[in-house]
Amino acid sequence: MIRLFFSALVLMAAQMVSAQLTENTKYLGVGAVNVLDTYLSPEEYKGTEIRFMDYTTRYRDERKWVRTLIHHASINMSHNRADNNNEMGGMYTFQYQWRRQWKPMPALTLQGGGGVDANIGFLYNTRNSNNPAQARMSLCLSPAGSAAYDFHIGKRPMTVRYDVSVPLVGVMFSPNYGQSYYEIFSRGDYDHNVVATTIADMPSMRQLLTLSTTFKKTTLSIGYMGDYQQAKVNHLKNHTYSHLIMLGIGWRFRKIRE
């Protein structure tokens, strides 16, 4: 009887205490960028982008839902076709996602769900004297998913992983065609500057393909990121197409939570 009583106590304690597994990878990427913003110039600008990305996944052993938190910070320099003008841009993006996890086979892990993308940034044209800069702000609901496959090369464990997210609906800030920032912020002349967006007028996608291997508790990754962000609102077009080689280093740790 006493043994049964203590067994019940141990079972209750195990149910109250769970382990949260956290996987974090920090990436540094560099590559080509193509930028267009017709508020500043009708020309496309091409150049180089540098990006830092912090990718965190958290889940408990007993749960099939995982939380994903992704931070992007990027800066780019680009020039026009005549090479007589430059643009400089910067962007910070935060993605918070809930994903359902499946394992159809031991080596394959699938995740699907969605979350929120928040973006804030700028684009500066070095030649413009009137309205030389453009602000970038948006908030979107984005479906997201991933697929990861584990295999070995010799005795070395390897993982190939693909992540993708697509903004579905949201809101973004944009001046209207011919409207200056002085009119918006100094005179308070609102002209449809907070715009509702859908995938129809903001067809964008962000994808990441990586190959990783683990040495004890450290994971090294190399991959490709394709980030294609574009919109057509208020009679203005803008896009930023990024093609980046990503190098990452990551860690996995387990934390007991009550």
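Only one of 56, 68 is in contact with an Asp or Glu (Cβ under 8 Å, 6 or more places away or on another chain), outside any loop (DSSP other than H, G, I, E, B) and surrounded by 14 or more Cβ atoms within 10 Å (Cβ to Cβ). Can you tell me which?
On the way: 68 fails: in contact with an Asp or Glu (Cβ under 8 Å, 6 or more places away or on another chain).
Exactly one residue qualifies, and that residue is 56.
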If you go through segment 139-156 one residue at a time, do you hit one that is open to solvent by less than 50 Å² (accessible area, probe 1.4 Å), at negative phi, over 18 Å from the mean Cα position of the chain (by Cα) and among the hydrophobic types (A, V, I, L, M, F, W, C)?
no
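Residues that are touching a Cys at 6+ places or on another chain (Cβ under 8 Å): list the strands (runs of 3 or more DSSP E) wholly contained in segment 146-212 that include at least 1 such residues.
Numbers: elements: 156-165, 169-173, 194-198.
Output list reads 169-173, 194-198.
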Can you confirm whether segment 195-202 contains a residue that is closer than 18 Å to residue 108 by Cα, within 26 Å of the chain's Cα centre (by Cα) and surrounded by 13 or more Cβ atoms within 10 Å (Cβ to Cβ)?
no
Identify, from the list 123, 110, the residue that is open to solvent by less than 20 Å² (accessible area, probe 1.4 Å) and of a type outside the set (Gly, Ala, Ser).
123
Please verify whether residue 229 is crowded, with 18+ Cβ neighbours inside 10 Å, under 18 Å from residue 51 (Cβ atoms) and either of a type outside the set (Phe, Trp, Tyr) or without any contact (Cβ under 8 Å) to a residue 40 or more places away in the chain (or both), treating the condition exactly as stated.
yes
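Condition check ((1) modelled with pLDDT of 95 or more; (2) in contact with a His (Cβ under 6 Å, 6 or more places away or on another chain); (3) of a type in the set (S, T, N, Q); (4) more than 23 Å from residue 100 (Cβ to Cβ)) across all residues:
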site	(1), (2), (3), (4)
37	yes, no, no, yes
44	yes, no, no, yes
55	yes, no, no, no
61	no, no, no, no
64	no, no, no, no
75	yes, no, no, yes
78	yes, no, yes, yes
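Look through 206, 187 and report the one residue that is of a type in the set (D, E, K, R) and surrounded by 15 or more Cβ atoms within 10 Å (Cβ to Cβ). Write out each step before concluding.
On the way: 187 fails: surrounded by 15 or more Cβ atoms within 10 Å (Cβ to Cβ).
Only one candidate qualifies: 206.
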Just for segment 17-53: of the residues that are open to solvent by 10 Å² or more (accessible area, probe 1.4 Å), in contact (Cβ under 8 Å) with a residue 60 or more places away in the chain and closer than 17 Å to residue 126 by Cα, which one is nearest to the chain's Cα centre (by Cα)?
34
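Is it the case that some residue within segment 216-233 is of a type in the set (D, E, K, R) and within 22 Å of the chain's Cα centre (by Cα)? Spell out how you get there, then give the answer.
Within segment 216-233, the subset of a type in the set (D, E, K, R) is 216-217, 227, 232.
Right, trim to within 22 Å of the chain's Cα centre (by Cα) and you get 227, 232.
Yes, segment 216-233 contains at least one residue that is of a type in the set (D, E, K, R) and within 22 Å of the chain's Cα centre (by Cα).
Which of the following residues is in contact with an Asp or Glu (Cβ under 9 Å, 6 or more places away or on another chain), in contact (Cβ under 8 Å) with a residue 60 or more places away in the chain and of a type in the set (S, T, N, Q): 111, 134?
Working: 111 fails: in contact (Cβ under 8 Å) with a residue 60 or more places away in the chain.
Every option except 134 fails the conditions.
Does residue 165 qualify as being more than 21 Å from residue 89 (Cα to Cα), in contact with a Pro (Cβ under 8 Å, 6 or more places away or on another chain) and either among the aromatic types (Phe, Trp, Tyr) or surrounded by 14 or more Cβ atoms within 10 Å (Cβ to Cβ) (or both)? Reasoning before the result, please.
Values: more than 21 Å from residue 89 (Cα to Cα): yes; in contact with a Pro (Cβ under 8 Å, 6 or more places away or on another chain): yes; either among the aromatic types (Phe, Trp, Tyr) or surrounded by 14 or more Cβ atoms within 10 Å (Cβ to Cβ) (or both): yes.
Yes: the conditions hold for residue 165.
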Enumeration of residues in segment 80-107 that are of a type outside the set (Phe, Trp, Tyr), surrounded by fewer than 18 Cβ atoms within 10 Å (Cβ to Cβ) and within 27 Å of residue 151 (Cα to Cα)
100, 101, 103, 104, 105, 106, 107
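Go through the residues of segment 240-255 one by one and say whether even a single one is open to solvent by less than 60 Å² (accessible area, probe 1.4 Å), outside any strand (DSSP E or B) and at pLDDT 95 or above. Steps first, answer last, please.
Step one: list which residues in segment 240-255 are open to solvent by less than 60 Å² (accessible area, probe 1.4 Å), which gives 240, 242, 244, 246, 248, 250.
Now drop any that are not outside any strand (DSSP E or B), which leaves none.
So far as segment 240-255 goes, no, none of its residues is open to solvent by less than 60 Å² (accessible area, probe 1.4 Å), outside any strand (DSSP E or B) and at pLDDT 95 or above.
The values are calculated or read from the model by the stated rules, or taken from the named source; none is laboratory data. Note that the structure is predicted; figures quoted are calculated from it, not measured. Positions of Cβ are backbone-derived with ideal geometry, glycine not excepted, and every protein chain shown enters the neighbour counts. Keep in mind that these areas ignore ligands, DNA and RNA; they rest on the heavy atoms of the full protein, side chains included. Shrake-Rupley method; radii C 1.70, N 1.55, O 1.52, S 1.80 Å.
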